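Notes follow the structure.
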Amino acid sequence: MPSPSCPLDARKAVDLYFMEHRAKLLDIAAFLDRLDRAAAGATDDVRLRAMRQAIPLLIDGEGDRARRILELFSDHSAEPIPEAHTQAAIGVDPQGGYEAAATPQTT
Amino acid sequence: MAYIDPHIHMVSRTTDDYRRMAEAGCVAITEPAFWAGFDRSSPAAFADYFRQLTQVEPRRAATYGIDHYCWLCINPKEAEDPGFAREVISLVPEFLKADNVLGIGEIGLNKNSRNEMIILEEQIELARQHGQMILVHTPHLEDKLKGTRLTMDALANAGIEPGRVLIDHVEEHTVAEVLDRGFWAGMTLYPDSKCTPQRAVDIIECYGNERIWINSAGDWGPSDPLSVPKCHSEMRRRGHAPSLAEKISLHNPVAFLSQSPAFTPPCGVGLPAASA
């Protein structure tokens, strides 16, 4: 595999991209706040459990964050399913578990 | 800069999009057969769709100086009923005779079901029997990793030469395996799913610029038919040489697509050297 080769130095990358990603970080924060204000019922949704498990990967000091989050969200089974009951995907593995116990809560 | 958008669904786009793409430098497109956003009620609807891809869209594109090519198949979202799918597949060989058909696509999986697999394998066999190249759709979101692996295994089991197959919609968790197994890889630039232009350039920086291209996959959903030149802008913003965009969006598509006798390189673009 070739060596990573972004021509930018880190300072230039921050200058170019910080504001864009500051806004995206605030979007995630506001989304979690919105959930806190919403009527109860969805806080155990598998999508939220997966998101809570993904967020620590952003700051665990390891690289390949995008790849690891995509793998976390993926179905890792190997055999075809018996039948497709829907045409849509939800964004995380519905059977993925995503245990919430070891992950931070939104409140 | 002249460029090719090698995956876009112009049947869902306006003539004004053709104009804007031409003004941005687009010289050729390839249009895979896909899901229309609803399930069609009869195989005859697919016959009409294949006529649209082989007769109508080439004329619309030519109005703006864009060469139009297509790929034919039944898509995986409408493959859960094997009887219906086989009726559609039986229509394909006649349309393969059209001048602008590059191969079979976009075949693949959606929910990774048994019936989808059966129809995928039958369409791989169709391509093998007719000596056609293959364009592969990989599933969305949580189903992509599994579906990409199942598809590559099916292609290998059928003895298909990987260099004649493009696996589309790769992301960070699938691109390495696709390239390592000898296939070509496509990155689709979508605002909410698949790759953003920034992530596509990240992937090129990490995994190299060989056997890979970018496309807009512009269709009836949230998508941008100008995302390919916008990705080129992202390359320039980071300081990459203009030759990188030419490699990804002109020389690489020409190298892959020229394996089909139906494809003529646009604007006198020749086959590239072994490496950029």
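The values are calculated or read from the model by the stated rules, or taken from the named source; none is laboratory data. Note that the coordinates shown come from a computational prediction; the quantities given were computed from them, not determined experimentally. All Cβ positions, glycine included, derive from the backbone under ideal geometry; neighbour counts span all protein chains shown.
Surrounded by fewer than 19 Cβ atoms within 10 Å (Cβ to Cβ) and within 14 Å of chain A (Cβ to nearest Cβ), is that true of B:GLU246?
Judged against the criteria, B:GLU246 is not a match.
So, B:PRO265, is that one buried (at least 18 other Cβ atoms within 10 Å of the Cβ) and more than 30 Å from A:ALA88 (Cα to Cα) or not? Even if it seems obvious, please write down each step before you answer.
On the way: buried (at least 18 other Cβ atoms within 10 Å of the Cβ): yes; more than 30 Å from A:ALA88 (Cα to Cα): yes.
The answer is yes for B:PRO265.
If B:ASN110 meets every condition in (1) within 23 Å of B:SER260 (Cα to Cα); (2) within 16 Å of the chain's Cα centre (by Cα) apart from one, which number is that one?
(1)
Name the residues in the range A:23-66 that are touching a helix residue (DSSP H, G or I) at 6+ places or on another chain (Cβ under 8 Å) and charged (D, E, K, R), would you?
A:GLU62, A:ARG65
Any residue in the range A:6-31 that's within 29 Å of B:ALA241 (Cα to Cα): show its pairings with residues that are loosely packed, with under 12 Cβ neighbours inside 10 Å at Cβ separation under 6 Å, as long as the two are six or more apart or on different chains.
Matching pairs, first to second residue: A:PRO7/B:GLY239.
What number of residues in the range A:32-67 are within 27 Å of B:VAL175 (Cα to Cα) and more than 8 Å from every other protein chain (Cβ to nearest Cβ)?
19
Hey, among the residues in the range B:128-139 that are in contact (Cβ under 8 Å) with a residue 24 or more places away in the chain and part of a helix (DSSP H, G or I), which one's surrounded by the fewest Cβ atoms within 10 Å (Cβ to Cβ)? Even if it seems obvious, please write down each step before you answer.
The first filter runs over the range B:128-139 and keeps only residues in contact (Cβ under 8 Å) with a residue 24 or more places away in the chain, leaving B:128, B:130, B:132-139.
Filter once more, so that each one left must be part of a helix (DSSP H, G or I): B:128, B:130.
Details: B:ARG128: 16, B:HIS130: 12.
For the range B:128-139, the residue satisfying everything is B:HIS130.
Might you check whether a residue that is β-branched (Val, Ile, Thr) and within 19 Å of B:ILE29 (Cα to Cα) occurs anywhere in the range B:220-239?
For the range B:220-239, residues β-branched (Val, Ile, Thr) and within 19 Å of B:ILE29 (Cα to Cα): present.
What number of residues within the range B:55-73 are under 17 Å from B:GLN129 (Cα atoms) and in contact (Cβ under 8 Å) with a residue 40 or more places away in the chain?
Final tally of qualifying residues: 2.
Select from the range B:101-127 the residues that are within 14 Å of another protein chain (Cβ to nearest Cβ) and in a strand (DSSP E or B) and write down the one among them that is surrounded by the most Cβ atoms within 10 Å (Cβ to Cβ).
Out of the qualifying residues, it is B:GLY108.
In the set B:THR151, B:THR196, which member is in contact (Cβ under 8 Å) with a residue 12 or more places away in the chain and closer than 25 Å to A:ILE90 by Cβ?
B:THR151
Can you find even one residue in the range A:64-76 that is modelled with pLDDT under 95, surrounded by fewer than 16 Cβ atoms within 10 Å (Cβ to Cβ) and more than 13 Å from the chain's Cα centre (by Cα)?
If we filter the range A:64-76 for residues that are modelled with pLDDT under 95, which is where we start, we get none.
For the range A:64-76, residues modelled with pLDDT under 95, surrounded by fewer than 16 Cβ atoms within 10 Å (Cβ to Cβ) and more than 13 Å from the chain's Cα centre (by Cα): absent.
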